[in-house]
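Here the structure is laid out as structure tokens; the discussion comes afterwards.
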């Protein structure tokens, strides 16, 4: 069985999370039939299962979340952040490495919640 290669944007975000040199410009994101929330979970699953020889960093992981949600394709998921986070945590978090699990608690969820709160505040001001 042949392994399916990850979407180029997922590879790009993994490079951000690991603070590796980046392709410029970043690859285009074409979701096709993929739900944006499912794509986000695919990003997190991929990054969370990277070998520890290529570790993610706190700063890189924070940058990855910021970059992900700068893309308008993912803005409509921000009001549903808690639901997506809960689904990921109960379904996939146990399959990720310990470094990712630490970053999930102390970097990813707080950054995601901050962006979600900011999106909610923006829509309420309209």
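The values are calculated or read from the model by the stated rules, or taken from the named source; none is laboratory data. Small disclaimer: the values here were computed from a predicted structure and weren't measured. Here Cβ is always computed from backbone atoms with ideal geometry, including for glycine, and neighbour counts include all displayed protein chains.
At-a-glance table
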{"item": "Qualifying residues in segment 50-67 (those that are in contact (Cβ under 8 Å) with a residue 12 or more places away in the chain and surrounded by fewer than 13 Cβ atoms within 10 Å (Cβ to Cβ)) - the one nearest to residue 12 (Cα to Cα)", "result": "54"}
{"item": "Residue within segment 20-41 that is at pLDDT below 95 and closer than 25 Å to residue 106 by Cβ present", "result": "yes"}
{"item": "Filter result for residue 30 (surrounded by fewer than 16 Cβ atoms within 10 Å (Cβ to Cβ), assigned to a helix (DSSP H, G or I) and either without any contact (Cβ under 8 Å) to a residue 60 or more places away in the chain or over 13 Å from the mean Cα position of the chain (by Cα) (or both))", "result": "no"}
{"item": "Selected residue [in contact with a helix residue (DSSP H, G or I) (Cβ under 6 Å, 6 or more places away or on another chain) and either over 19 Å from residue 114 (Cβ atoms) or modelled with pLDDT of 95 or more (or both)] from 82, 14", "result": "14"}
{"item": "Those residues of segment 81-120 which are crowded, with 16+ Cβ neighbours inside 10 Å and more than 14 Å from the chain's Cα centre (by Cα), in sequence order", "result": "97, 99, 119"}
